[in-house]
Amino acid sequence: MNIYVGNLSPEVTEEELRHVFIIFGEVTSVITMNDKYIGSGQPWGYGYVEMASKSEGQAAVIGLQEKSLRGHVMKVVEALPLSDNGHNKLCHSKKGRYINLKTRQR
């Protein structure tokens, strides 16, 4: 199960995030998003944690709601899968809503 974790402090490391989730089960991957591709490396304040099973992931989502990490209350929700067929490409926005990337007007 893939989990979106938002409102992270800029100081939170991937290893630190792994330790928060591992008490709920096996963590298969952790990634914190940043501007490494444009050179600044500035953290974006969110990331993704992948748990080995859906039941462990659901326990983590429930158990970590409204929990604080480094002074920031985390937003923890199940991440939506990305579609390979071009339909229903949704992503989580910083305002806590999902937006459709395919139909979004600029």
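Laid out as a table, the results:
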item	result
Neighbour cut-off at most 14 other Cβ (10 Å), DSSP loop, GluC sites (Glu not before Pro), the stretch 1-50	11, 26
Whole-percent carbon and sulfur share, accessible surface of the stretch 3-42, 1.4 Å	54 percent
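The values are calculated or read from the model by the stated rules, or taken from the named source; none is laboratory data. In this text, all values refer to a predicted model and were calculated from it rather than measured experimentally. All Cβ positions, even for glycine, are placed from backbone atoms using ideal geometry, and neighbour counts span all protein chains on display. Ligands, DNA and RNA are stripped out before the accessible areas are found, and what is left, the full protein with its side chains, is counted by its heavy atoms. Shrake-Rupley method; radii C 1.70, N 1.55, O 1.52, S 1.80 Å.
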